[in-house]
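Notes follow the structure.
FYI, it's all coordinate maths here, none of it is from the lab. Because the structure is a prediction, the values reported are computed rather than measured. In this analysis, Cβ positions are derived from the backbone assuming ideal geometry, glycine residues included, and neighbour counts consider all displayed protein chains.
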Amino acid sequence: MEGFEKYYQKDHQTRLDILKQKKYLDQTQLDKLQASASEVKISDAMIENFITEYHLPEGLALNYVVDGQEYLIPFVTEEPSVVAAASHGAALVKRAGGFKTTVTERLMIGQIILENVAHPEQVASFLESQAEKLLALANAAHPSIVKRGGGAQALKVRVLAPDLISLDLIVDVKEAMGANMLNTMLEACATYLQTKLGLDVLISILSNYATRCLAKATCALPVELLTRNGLSGAKIAQKIATASRVAQLDPYRATTHNKGIMNGIDAVVLASGNDWRAIEAGAHAYAARDGQYRGLSTWIVKDDILYGELELPLPLGTVGGSIGIVPLVKINQQLLRLKDARQLEAIVAAVGLGQNLAALYALVTDGIQKGHMRLQLKSLALSVGATKAELEPVVSRLEALQARDQATAKKVLEELRN
Ligand code: NDP
């Protein structure tokens, strides 16, 4: 596009000036972009064609007792009610002793895809015979992780089709998520396979289906803790269990069930500086691991106890990527009193289950809209230009009118100002 040639080579100020020269934005808007960019040096080094920092609200989810320890959990999210719901779900579980978690080994899987394979079974057993050499090559490509006690541990060969093989490299990534680390190792092995063994490499990259890096959270709530507004706890627990069954049976419901779980998970993943697309991709693949897409969590009632369980891949890091670069991430790690990546996995799994409990509880009792309504009306009032002082009266008037549309919100605001 004219005027944007070599945009990536321009400095931050020049990039903004071009937007003004080309009449995309006026000076007031440029001033907003400038004001929103408080860490230009860092951000400009993080992404390409950087123009500003897009801020999202951060709040604290409360009441999370995980493996006997209570946490303040930073959530970064744009969605109203997520923090409130997560805190409510956790408060219920806290009264029953909190969440328990288990975290597996932290192994990541990377793939080298070989194409144009003529005799797949023969090539597969040849590759297996090369395991020691390939593991040594992988570790030599990233020796520092070996010094840290990690590194490439195993190889697995899978024939995908008569002409395609996946050579899976399994790596202990210690405190990192490990994408770059794995990609470096994979490329070193791929070069050897191609140049020394004459094999045809199509792709070498980490897999986000992190089935060797799983975290599980569970909770057990006596049903009487769920009692509300004349509805018995036993009845509510039964309805939650039935809703969980529906999410196991029906992908339409499972998708929304899992979206609710990810509301909390993504918010903490983002606050902790981790790659939420990687976590999303892995979670949804895991939800379909038996061939049908299902809810990631399950709830059952037995002997007047509601048991909840959530398991998913959580390859989260406490180092690497943007974690050491973004100043807020360090502060969030401190708020969490974070010691290591396994603890982060445990917390995030508990958040997913707490968020899910709150959503199901609301859905089978009042419905989701009642709790959301006030926050949504606040967003509506803001969207039509209400100031902080005007928010409360506009929201109350909209509640009284039972109105949720922009036209009424505008009218209410105008009436208030006149
Ligand atoms: P880095 O490339 O930043 O690597 C982490 C580095 O941290 C290690 O190489 C290691 O270097 C250092 N380190 C310090 N202490 C430790 C420790 N205790 N344990 C482990 N490492 C330690 O990050 P990752 O390899 O984790 O990659 C994550 C990034 O990759 C994310 O930003 C992600 O968005 C991106 N990415 C994701 C992809 C995907 O998901 N498919 C694909 C490509 C990139 P040293 O030992 O030398 O000090």
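Give, in whole angstrom and from largest to smallest, the semi-axes √(5λ) of the equivalent ellipsoid of segment 73-151, with λ running over the eigenvalues of the Cα gyration tensor.
46, 18, 15
When the convex hull of the Cα atoms of segment 217-315 is projected onto a plane and the area is averaged over all directions, what value comes out in nm²?
7.0 nm²
Run the simple label-point estimate for GLU414 and ILE18 please: 7 Å along Cα→C-beta, distance reported in nm.
Here the answer is 4.2 nm between the modelled labels.
R0 = 60 Å: FRET efficiency of GLN406 with GLU128, Cβ-based, nearest 0.05?
Efficiency for this residue pair is about 0.40.
So for segment 123-180, what are the equivalent ellipsoid semi-axes in whole Å, largest first, each being the square root of 5 times an eigenvalue of the Cα gyration tensor?
Semi-axes from the Cα gyration tensor: 24, 13, 8 Å.
To the nearest 20 debye, what charge dipole does the chain have about its Cα centre, counting +1 at the Cβ of each Lys and Arg and -1 at the Cβ of each Asp and Glu?
Using Cβ point charges on Lys, Arg, Asp and Glu, the chain gives about 840 debye.
In terms of the ratio Rg/(2.2 N^0.38 Å) built on C-alpha atoms, what value belongs to segment 100-140?
1.67
Taking the dipole about the Cα centre of the chain, with the C-beta of Lys and Arg at +1 and of Asp and Glu at -1, give me whichever of GLN355, ILE323, ILE42 is farthest to the positive side.
GLN355
Pairs of Cα atoms under 8 Å, at least six residues apart: use those to get the relative contact order of segment 1-130, whole percent.
Across segment 1-130, relative contact order equals 16 percent.
Please state the equivalent ellipsoid semi-axes for segment 334-418: what are the square roots of 5 times the Cα gyration tensor eigenvalues, largest first, in whole Å?
Each semi-axis is √(5λ); the values are 37, 18, 8 Å.
What's the FRET efficiency of LEU60 with GLU105 using the Cβ-Cβ distance as r and R₀ = 35 Å, to the nearest 0.05?
It comes to 0.70.
Modelled label-to-label distance, THR255 and LYS196, 7 Å Cα→beta-carbon offset: nm?
The two pseudo-label positions are separated by 4.7 nm.
In µm²/s, what is D for segment 1-103 at 10 °C and 1.306 mPa s, where D = kT/(6 pi eta Rh) by Stokes-Einstein and Rh is the Kirkwood radius from Cα pairs?
Using the Kirkwood radius from Cα pairs, D works out to 93 µm²/s.
Please report, in whole Å, how far the alpha carbons of segment 126-223 spread along each principal axis, starting with the longest.
Cα extents, longest axis first: 63, 37, 22 Å.
Tell me the volume per residue, in Å³, of the convex hull enclosing the alpha carbons of segment 163-268.
Dividing the Cα hull volume of segment 163-268 by its residue count gives 169 Å³.
Which whole-number percentage describes the relative contact order of segment 188-304, with Cα contacts under 8 Å and a sequence gap of 6 or more?
29 percent
When the chain is treated as a GNM, springs tying every alpha-carbon pair under 10 Å, which of VAL394, VAL82, VAL301 comes out with the largest mean-square fluctuation?
Of VAL394, VAL82, VAL301, the Gaussian network model singles out VAL394 as fluctuating most.
Among ALA84, SER232, ILE170, whose Cα sits farthest toward the positive end of the charge dipole of the chain (+1 at Cβ of Lys/Arg, -1 at Cβ of Asp/Glu, about the Cα centre)?
SER232
Given Cα pairs under 8 Å that are at least 6 residues apart, what percent is the relative contact order of segment 139-222?
After rounding, I find 21 percent.
Tally Lys/Arg at +1 and Asp/Glu at -1 over every other residue whose Cβ is under 13 Å from the Cβ of LYS235; what's the total?
Computed value for this residue: 0.
Within 13 Å, Cβ to Cβ, of GLY260, how many net charges do the neighbouring residues add up to if Lys/Arg are +1 and Asp/Glu are -1?
0
Could you quote the convex hull projected area for the chain, Cα atoms only and averaged over all directions, in nm²?
Mean orientational projected area (the chain, Cα hull): 26.4 nm².
Quick check for you: which residues of segment 174-218 have the amide N under 19 Å from the point 7 Å beyond the Cα of LYS147 toward its beta carbon?
174-178, 180-182, 184-185, by backbone N distance to the label point.
In whole angstrom, note down how far apart the Cα centers of segment 207-238 and segment 270-287 are.
Centre-to-centre (Cα) distance: 21 Å.
In degrees between 0 and 90, to the nearest 10, how far off the longest principal axis of the chain does helix 12-21 point, with axes built from Cα atoms?
60 degrees
Expressed in nm to one decimal, what extension gain is obtained for the pair ALA96 and THR242 from 0.36 nm per residue of sequence separation less their Cα-Cα distance?
Gain on stretching ALA96 to THR242: 50.4 nm.
If you take the beta carbon distance between LEU363 and ILE205 as r and set R0 to 41 Å, what does 1/(1 + (r/R0)^6) give as a FRET efficiency, to the nearest 0.05?
So the FRET efficiency works out to roughly 0.60.
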